[in-house]
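The values are calculated or read from the model by the stated rules, or taken from the named source; none is laboratory data. Predicted model only: the values in this text are computed from it and were never measured. In this analysis, Cβ positions are derived from the backbone assuming ideal geometry, glycine residues included, and neighbour counts consider all displayed protein chains. Protein only, heavy atoms only, side chains kept; ligands, DNA and RNA dropped before computing areas. Shrake-Rupley method; radii C 1.70, N 1.55, O 1.52, S 1.80 Å.
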Amino acid sequence: GAILISVITTAMVIGKTIIDRLHILLSSITNTMNTGDFAQYHVMSSKDEIGIVSKAFNDLLKTTNQLIIEKEQLAETDPLTKIYNRLKFDNIFTSEMMRVQRYGTPLSLIMFDIDDFKQINDTYGHNVGDNVLIEITKIVSNNIRTTDIFADGAVRSL
């Protein structure tokens, strides 16, 4: 009888431990889904089945977070020059204008145009034109401060 009670008690303790750990994992999953914070990983380092599921969940979170970062980069940057695109520029500019209005600090904006750029494309082809844009981007990027924002604000016409 005492052995049976000991086995049942041990099984109940193990069962409660498993349920508690599953509850922690479920809570972590629910929190991730509710907050959308895929960079917050769940720490459960045991080597049992729950630990394995926890590791798989963390691996899924890491992959998802990386895909989100890549998607944001694609949405914000020009694929050719890798500088911010017009949409990102508009967002930054709006934010900076609000800062200027709030604090009364100065803001400098430099805009430049590549004269007769269409003629480069028409004469030498779009590959050469692309290389010109890439080189100009490198020159400007290498000669501005790290706090400066360089963006393609161009409105292109065909």
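So, counting K/R as plus one and D/E as minus one, what does the shell of residues with Cβ under 14 Å around Asp48 add up to? The answer is +1.
The C-alpha atoms of the chain define a longest principal axis, and helix 126-141 lies at about 80 degrees to it. Which lysines have a Cα lying under 25 Å from the Cα of Lys55, excluding residues fewer than 8 positions away in the same chain? Straight-line reach from Lys55, under 25 Å: Lys16, Lys47, Lys71.
Protein heavy-atom accessible surface, 1.4 Å probe, per residue over the chain: 79 Å². Contact order for region 40-158, expressed relative to its length and based on alpha carbon pairs under 8 Å spaced 6+ residues apart, stands at 26 percent.
Its Cα gyration tensor gives region 64-104 an equivalent ellipsoid; the semi-axes, largest first and in whole Å, are 26, 13, 6. Note on Met33: accessible area is roughly 130 Å² with a 1.4 Å probe, heavy atoms of protein only. Computed over the chain, the quotient of the alpha carbon radius of gyration and 2.2 N^0.38 Å is 1.84.
In terms of the mean number of neighbouring beta-carbon atoms within 10 Å, the peptides 113-123, 75-85 order highest first as 75-85, 113-123. Once you sort the root eigenvalues of the Cα gyration tensor of region 70-158 as a ≥ b ≥ c, which label holds: rounded (a/c under 1.5), prolate (a/b larger than b/c) or oblate (the other case)? Here region 70-158 falls in the prolate category. With helices as the sole contributors, the chain gives -23000 deg cm²/dmol at 222 nm; each DSSP H run of n ≥ 4 counts as -39500 (n - 2.57), and the sum is divided by every residue. Taking only protein heavy atoms and a 1.4 Å probe, the accessible area of region 1-131 is 62% carbon and sulfur. Angle between the Cα long axis of helix 86-103 and the longest principal axis of the chain, 0 to 90 degrees, nearest 10? The helix 86-103 is inclined about 90 degrees to the chain.
Assuming a ≥ b ≥ c are the square roots of the Cα gyration tensor eigenvalues, decide whether region 27-68 counts as rounded (a/c under 1.5), prolate (otherwise, with a/b larger than b/c) or oblate. Because a/c hits 1.5 or more and a/b fails to exceed b/c, region 27-68 counts as oblate. The stretch between Ile3 and Asn58, if pulled fully straight at 0.36 nm per residue, gains 15.8 nm over its current Cα-Cα span. A straight chain from Asp48 to Ile18 at 0.36 nm per residue would run longer than the Cα-Cα distance by 9.8 nm. Between the amide H of Thr77 and those of Asn85, distances stay under 5 Å, these residues lying 5 or more places away or on another chain, with hydrogens modeled in the peptide plane.
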